[in-house]
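Scroll down for the structure; my scribbles are underneath it.
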Amino acid sequence: MLAASAATLALGGTALLEAPASAASKPRGHDVSSHQKSVDWKKAKAKGAKFVYVKATESHTYKNPYYNQQYNGSRNAGIIRGAYHFALPNKSSGTTQARYFARNGGGWRGDGWTLPPALDIEYNPYGKKKCYGLSKTKMVAWIRAYSDETLRQTGRRPVIYTNTNWWKKCTGDYAGFGGNHALWLARYSSSPGPLPAGWSYPTFWQYDNGGRLPGDQNLFNGSTGQLKRFARGR
């Protein structure tokens, strides 16, 4: 994250470079979708969950049928939560998908318990066109349109979830989002490794697809207090 960005200031400038085993002081979290179905949130909280991202939507037609149980249940258990959208840029515009997300769970409010909405954009899981058939220029334009509409709908820029290889391949390693978008990096390894252009470190790091918490395992790059401030947008 660039030093001048609001997300970086919220994190206190701490770089997350430790392996998961040596980063015990970092707030642990996870992300869930319909694959996890109804989650036992009290159990997740007891195992150390400080935050969770819940899948709300995909493209402009799909809604997670477990969203209410997951999103509201986590909050009721005392876990900071947010919603994410899985992008399919070949199906409709970024504006259309951002509006659909906002109508179906992708909101935000500065209560300290709601993370900013997140955009999950990665390799196409449904076909051979890994970049969804979009050129690098068109992919950047799609993300920008999605971000602009999310800002209009919610008051926050989306957190961008991606991995470095996809970002390089499908955006040409575009650096223009790093200054005002938090990075949620996916890399299943002992360290975050090389980052997409424009970011100096991730706000969130998804380091494994299984572990003590339901779903994928994540760390937040800061303290619990900084996590709450990030949620509030301060």
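Relative to the compact-globule scaling 2.2 N^0.38 Å, provide the ratio for the alpha-carbon radius of gyration of the range 146-226.
Taking N as the residue count of the range 146-226, the ratio is 1.15.
Add +1 for every Lys or Arg and -1 for every Asp or Glu among the other residues with Cβ under 12 Å from the Cβ of Ser74, and state the total.
Within the 12 Å Cβ shell, the charges total +4.
Write down, largest first, the equivalent ellipsoid semi-axes of the range 77-134 in whole Å, where each equals the square root of 5 times an eigenvalue of the alpha-carbon gyration tensor.
Ellipsoid half-lengths, sorted descending, are 27, 13, 7 Å.
Counting Lys and Arg as +1 and Asp and Glu as -1, what is the net charge of the other residues whose Cβ lies under 12 Å from the Cβ of Tyr84?
Details: positive: Lys55, Arg81; negative: Asp31, Glu58, Asp120, Glu122, Asp216.
It works out to a net charge of -3.
In deg cm²/dmol, rounded to 500, what helix-only [θ] at 222 nm does the chain give when every DSSP H run of at least 4 residues adds -39500 (n - 2.57) and the total is split over its residues?
It comes out at -8500 deg cm²/dmol, rounded to the nearest 500.
Using +1 on the beta carbon of Lys and Arg, -1 on that of Asp and Glu, and nothing else charged, what's the dipole of the chain about the Cα centre, debye to 20?
Result for the chain is approximately 380 debye, rounded to the nearest 20.
Who wins for biggest fluctuation among Ala197, Ala46, Ala87 in a Gaussian network model of the chain, springs between alpha carbons below 10 Å?
Most flexible of the set in this elastic network: Ala46.
Name the aspartates and glutamates eligible as straight-distance cross-link partners of Lys26: C-alpha to C-alpha under 18 Å, and not fewer than 8 places from it in the same chain.
Result set, ordered by chain and number: Glu18, Asp208, Asp216.
What's the local net charge at Ala46, with K and R +1, D and E -1, over the other residues with C-beta under 11 Å away? Kindly include the intermediate steps, with their values, before the conclusion.
On the way: positive: Lys42, Lys43, Lys45, Lys47, Arg212; negative: Asp40.
So the surrounding residues net to +4.
Among DSSP bridges having both ends in the chain, what percentage is antiparallel? Round to the nearest 5.
Close to 30 percent.
Would you give the gap between the C-alpha center of the range 44-81 and the C-alpha center of the range 93-143, rounded to a whole Å?
If we compute the Cα centre of each part, the gap is 17 Å.
Would you please give the FRET efficiency between Arg152 and Ser25, computed as 1/(1 + (r/R0)^6) with r the Cβ-Cβ distance and R0 = 41 Å, to the nearest 0.05?
The value I calculate is 0.65.
Select from Tyr126, Leu88, Asn104 the residue farthest towards the positive end of the dipole of the chain; place +1 on Cβ of Lys and Arg, -1 on Cβ of Asp and Glu, and compute about the Cα centre.
Ranked along the dipole, the leading option is Asn104.
For Thr224 and Thr95, what is the calculated FRET efficiency with R₀ set at 30 Å and r taken between the beta-carbons, to the nearest 0.05?
0.30
At 37 °C and a viscosity of 0.692 mPa s, what translational diffusion coefficient does Stokes-Einstein give for the chain, taking Rh as the Kirkwood radius over Cα pairs? Give it in µm²/s as a whole number.
189
Step through the table entries Lys50/Lys138; Lys63/Lys168; Lys130/Lys228; Lys63/Lys128; Lys128/Lys168, compare each Cα-Cα distance with 26 Å, and write down the pairs that go over it. Walk me through the intermediate numbers first.
Values: Lys50/Lys138 36 Å; Lys63/Lys168 29 Å; Lys130/Lys228 35 Å; Lys63/Lys128 24 Å; Lys128/Lys168 17 Å.
Violating the 26 Å Cα-Cα cut-off are Lys50/Lys138; Lys63/Lys168; Lys130/Lys228.
Read-outs: derived from the displayed coordinates by stated rules, not from any lab. Every value quoted in this text rests on a predicted model; they were computed, and no experiment measured them. So basically every Cβ, Gly included, is an ideal-geometry build from the backbone, and we count neighbours across all protein chains shown.
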